[in-house]
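The values are calculated or read from the model by the stated rules, or taken from the named source; none is laboratory data. Remember, it's a predicted structure, so these values are computed and weren't measured experimentally. Here the Cβ positions follow ideal geometry from the backbone for every residue, glycine too, while neighbour counts run over all protein chains shown.
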Amino acid sequence: MSVLVLAGVMAYADDFLLTALQGAVGSIARVDAPFASWLRDSTLLLPVFALAVLGALAVAHRLSGPVLSSPRQVLGAALLVAVAGSVVGFTAIAASFAYDYHLQSEQVLHSHHGSDVPTAGHVHDAGGCSGSCVVMRQDTLAVHERALEYAAPVVVVTNLVLVGWVVAARGGRIEPRIGRRTA
């Protein structure tokens with residue numbers, strides 16, 4: 001149960017950031033209703049986050065033993081879970097930005113097709129783009145890079161806070177208690 005809770009809070013929070021950033025710097029071709037796309041994409045990312053949480057907990061068990069009982073062991077496991085979730089969240093954001101850049105780059109090329117006549121001294125790229133088209137592509141790439149620079153620490157801090165809250169809400173445990181309560 002705790003795996004799904006941890007995966008869920010990180011998936012929905014990180015994808016909220018992705019949805020917000022996509023609205024700010026993403027491709028106009030991918031514009032969708034923000035709430036619907038956030039809900040859909042977060043739900044699709046949930047299994048990937050669950051695998052990351054399971055992997056982090058497996059590493060924690062390998063390092064600390066079969067039971068995470070001391071506060072230090074729980075804190076270490078929580079940090080591993082937050083880092084694993086942050087890697088997944090940042091990778092999702094980077095992949096989305098790469099796709100957005102590809103779409104935006106194609107739009108720039110099509111909008112400039114035929115308007116830039118290649119001559120000696122003009123900068124050309126491999127995609128048949130020259131002059132102001134190259135500059136626009138470079139500017140678009142710079143915007144995506146800057147957004148990724150801003151997103152990375154936000155994803156890490158968000159996941160640290162959320163994992164900390166889940167662990168605190170569970171009474172300082174990251175995993176369910178083993179065994180059943182007797183009446």
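Search segment 112-143 for residues being modelled with pLDDT of 70 or more and among the polar types (S, T, N, Q), and hand back the single one that is surrounded by the fewest Cβ atoms within 10 Å (Cβ to Cβ). Only one residue tops the list, namely Gln138. If we scan segment 4-15, do we find a residue that is more than 13 Å from the chain's Cα centre (by Cα), without any contact (Cβ under 8 Å) to a residue 60 or more places away in the chain and surrounded by fewer than 17 Cβ atoms within 10 Å (Cβ to Cβ)? Yes, segment 4-15 has at least one match. Could you list all residues from segment 21-60 that are aliphatic (A, V, I, L, M) and over 17 Å from Ser96 (Cα atoms)? Ala50, Leu51, Ala52, Val53, Leu54, Ala56, Leu57, Ala58, Val59, Ala60 - these are the residues of segment 21-60 that are aliphatic (A, V, I, L, M) and over 17 Å from Ser96 (Cα atoms). The residues of segment 21-53 that are more than 16 Å from Val88 (Cβ to Cβ), small (Gly, Ala, Ser) and touching a helix residue (DSSP H, G or I) at 6+ places or on another chain (Cβ under 8 Å), listed by number, are Gly23, Ala24, Gly26, Ser27, Ala29, Ser37. Being among the hydrophobic types (A, V, I, L, M, F, W, C) and over 14 Å from the mean Cα position of the chain (by Cα), is that true of even one residue in segment 82-97? No, there is no match, as no residue in segment 82-97 is among the hydrophobic types (A, V, I, L, M, F, W, C) and over 14 Å from the mean Cα position of the chain (by Cα). All of (1) surrounded by fewer than 20 Cβ atoms within 10 Å (Cβ to Cβ); (2) modelled with pLDDT of 90 or more; (3) out of contact with any Lys or Arg (no Cβ under 9 Å at 6 or more places or on another chain) hold for Tyr99 with one exception: (3).
Within segment 1-60, being at pLDDT below 90 and among the hydroxyl-bearing types (Ser, Thr, Tyr) holds for Ser2, Ser27. When Leu75 is tested against (1) free of Cβ contacts under 8 Å to residues at least 12 places away in the same chain; (2) crowded, with 17+ Cβ neighbours inside 10 Å, just one condition goes unmet, and that condition is (2).
Among the residues of segment 54-86, those that are among the aliphatic types (A, V, I, L, M), farther than 16 Å from Gly8 by Cβ and assigned to a helix (DSSP H, G or I) comprise Ala58, Val59, Ala60, Leu63, Val74, Leu75, Ala77, Leu79, Leu80, Val83.
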